[in-house]
1. Please quote Rg/Rh for the range 51-136 to two decimal places, taking the Kirkwood radius as Rh and restricting both calculations to Cα atoms.
2. Using r as the Cβ-Cβ distance of Thr251 and Asp165, and R0 as 25 Å, what FRET efficiency do you calculate, to the nearest 0.05?
3. How much length, in nm to one decimal, is gained on full extension between Val61 and Ala40, taken as 0.36 nm per residue of separation minus their Cα-Cα distance?
4. Taking Rg/Rh (Cα atoms, Kirkwood Rh) as the quantity of interest, determine which of [x] 1.11; [y] 1.00; [z] 0.96 was computed from the displayed structure.
5. Could you give the angle, 0 to 90 degrees to the nearest 10, between helix 6-24's Cα long axis and the longest principal axis of the Cα atoms of the chain?
6. Quickly estimate the mean residue ellipticity at 222 nm for the chain, helices only: each DSSP H run with n ≥ 4 gives -39500 (n - 2.57), and the total goes over all residues, rounded to 500.
7. Run the numbers for Ala174 and Leu366: contour at 0.36 nm per residue of separation, minus the present Cα-Cα distance, in nm.
8. What is the dipole size for the chain, taken about its Cα centre, with +1 at each Lys and Arg Cβ and -1 at each Asp and Glu Cβ, in debye to the nearest 20?
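Computed from the coordinates by the stated procedures, all read-outs in this text should not be read as laboratory data. The structure displayed is predicted, hence computed values, not measured ones. Here the Cβ positions follow ideal geometry from the backbone for every residue, glycine too, while neighbour counts run over all protein chains shown.
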Amino acid sequence: MKKATPLNLIGVNAYWMGLSFMWNSLHVIMLPAIMLNFVADQQKNTALGLMSFLGLLLAMVVQPLSGAISDRWVSRFGRRRPLILIGTAFDLLFLGIMTMAGGVPALALGYFGLQLASNIAHGPAQGLMHDLIPSESMGLASGIKNFFDMGGLVISSLWVARILDPQNPLTAYAAVAALLVAGALVTLIFSREQSSLEMSKPVSFRTQLREILRIDFRGHRDYGRLIAVRLLFLTGIYGVQSFAQYFIKDTLQTDDAVKLTGDLMAIIVLSLIAFSLVAGYLCDRFGRKPMHVIAAILAALGSLLMTTAHSAGAVLGFGSLIGAGIGIFLSANWALANDLAPLSEAGKFLGLTNLATAGAGALSRLNGPMLDLVNNAWPGRYLGYSVLFVTTAVLALASLILLRRVPDPTRKQA
């Protein structure tokens, strides 16, 4: 495989900015604010948590399946890009449905459809880096991937939080669609996939389906453990992200919770960007696992400090620690996933990381009923959010226990 050029690195990663912008805008800024149009304040955490929980369960199934299908996709345009194009086209349809939603049922229909379409594209997109980037540049490529991921988060946090009108969210939905299409076009044009026509072998549909669904975790136990590490760490982090707007609204009593939530996400993400790029370089130099340890400690510390935050400044300051931990973790974990994924089934196995990513997102949403239960039991004290932050710290540190049994190929080579 030829040495990666800057254009290669940008091409395989640009789509992540559009996806990141879309999902951060929806999950952190738009849906929590729009949901208040349709449900009572005392049930807001429960309604938001359960809807997004069901949507993310759908993502857990679709993304690895789509990634596995792309491993065997036959076209002159390559294996991954056709499915990225199909998924993105249907994204626009379901974003339109959400834009016109006048109640929870229509909003949920658009949201579930968007999860389906987006993950049809997401699974194959994860295989592009493995296919087109040489192993010696994988840490840098992972850092750049997270840079684009977090770039989308920053833009959505600062921009969408300021243009969103919960009563008329058309402008915000249009911004989401525009950046999603822009990222997709860069990846579709500049990811130089070869035709997969010559790689195809005539096999029956039944054989193809069996191979797509077969997952050999016995032969790849280390990869299974890595997925469990990712699940624990991200379950806590996504809990903070999911309910940040309601935490700020309830505990700080601010007049503009949407804007302050956007500022908090921006601070977290700016820290994340800086540390993810540094971590990408350090992963290639010192190995992946030491960076995991540093990430867990920073995320746990920031989460515990957040239980003492009673001002906007404290929230933003402690949030920056959490962001640093997330940035280091994502670069190290994605590089290690690429190290351990089998060459012939990269799309399938890298898609399986979504069992952790979407699974963590889904599990974290189950905090919604807990938050409403604890907060309503002691009105005005909002103790549910303290429970959430402590749980986040515990899960981050617990992920290190599972990490001990995951090998680090880069340190073995050293």
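1. 1.07
2. 0.55
3. My answer for the length gained is 4.4 nm.
4. Computing Rg/Rh (Cα atoms, Kirkwood Rh) and matching it to [x] 1.11; [y] 1.00; [z] 0.96 gives [z].
5. Rounded to the nearest ten degrees, it is 30.
6. -25500 deg cm²/dmol
7. Working: separation 192, 0.36 × 192 = 69.12 nm, distance 2.96 nm.
Taking Ala174 through Leu366 to full extension adds about 66.2 nm, to one decimal.
8. Values: 31 positive and 21 negative charges, 254 e Å.
Value, rounded to 20: 1220 debye.
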